[in-house]
Each structure stands twice: as structure tokens, then as C-alpha cells.
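Worksheet: one structure, shown below.
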Amino acid sequence: MYTVAVSREFIANHFLIGGDWGSENFPHAHHYVAELSIESPSLDRHGYLVDIVEIEAALNNTVGYFRDSMLNDKPEFAGLNPSIEHFSRIICELLLAQIKPPGTGSINVKLWENATCWAAYRRAF
């Protein structure tokens, strides 16, 4: 199984809804690290799983969309608590729409909200 991965750091704001989470119920920022990895048993005709330049462009575009924003105001979070679980899925789906890996495999987004806490979402293609 081949794996290629890229990560990017960014800051975004949010507040949690639907429960009593103390200070998390008020607007605050996180220094996120988004790690994108793609796995597949096959490579394209050039020996790439996906060209890393294509991966970097998609990740830069996606992270740029969320950078310095209030996640609660983004349409992707309408009706959702902006948890890192939901956020990792949303990032994964946006990236898969931009990256077209060959064959079959999976795309995984691991989203760190601090040095010790992360959530991930994995989707087959």
C-alpha cells in the first residue's frame, strides 16, 4: 500500500453549541494542523499516487477557506456543532472533490486542534 501525505497549519475560530462545555461555548481560536494522507495499492503512469503539487494546492485552497474564519458562520457547519470530528469530515470531503486519485484506496484527514488532541475522518475512493 502506497501512502502520500501533506500537512498544513492554520488558525480558525469556533464555539460549541448544544451543550454546556464551559468556556468552549464562547468564541475562541484553535491552532489547527490538518494532515491529509492518501493510500492506494496503485500508482499512476508516472509512478505517483497523486502528484504532491496537486495535493498541496488542494490543501492550501481548503485550509485557506477556513483560515482566520468563524467556523460557525460557514455553510458547511449549518446545523452542526463545529467539533473537530465534523471539521475533519468536512475537510476530507472538500479535498476529495479537488483531488482525483487513480484506482481505489482511501483519503484520511487527521485534524489536530492542539498538541495532544485530534480527530480523523477516512473515506474510500
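The values are calculated or read from the model by the stated rules, or taken from the named source; none is laboratory data. This structure is a prediction, so every number in the text was calculated from the model and none was measured. Positions of Cβ are generated from backbone atoms using ideal geometry, with glycine treated the same way; all protein chains shown enter the neighbour counts.
One table, with the values for the structure above:
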read-out	value
Selection from the stretch 2-45 of residues that are assigned to a loop (DSSP other than H, G, I, E, B) and either at pLDDT 95 or above or in contact with a helix residue (DSSP H, G or I) (Cβ under 9 Å, 6 or more places away or on another chain) (or both)	F15, L16, I17, G19, D20, F26, P27, P41
One residue from L49, L43, L36, L59 being in contact (Cβ under 8 Å) with a residue 40 or more places away in the chain, among the hydrophobic types (A, V, I, L, M, F, W, C), in contact with a Lys or Arg (Cβ under 6 Å, 6 or more places away or on another chain) and closer than 18 Å to F125 by Cβ	L59
The stretch 85-110 residues that are assigned to a helix (DSSP H, G or I), paired with ones that are among the basic types (K, R) and loosely packed, with under 15 Cβ neighbours inside 10 Å (beta carbon under 9 Å, 6 or more apart)	R89/R123; C92/R122; C92/R123; E93/R123; L96/R123
Test: F87 is crowded, with 17+ Cβ neighbours inside 10 Å, touching a strand residue (DSSP E or B) at 6+ places or on another chain (Cβ under 7 Å) and farther than 16 Å from V6 by Cβ	yes
Qualifying residue in the stretch 63-76 (condition: exposed (fewer than 13 other Cβ atoms within 10 Å of the Cβ) and within 23 Å of T116 (Cα to Cα))	yes
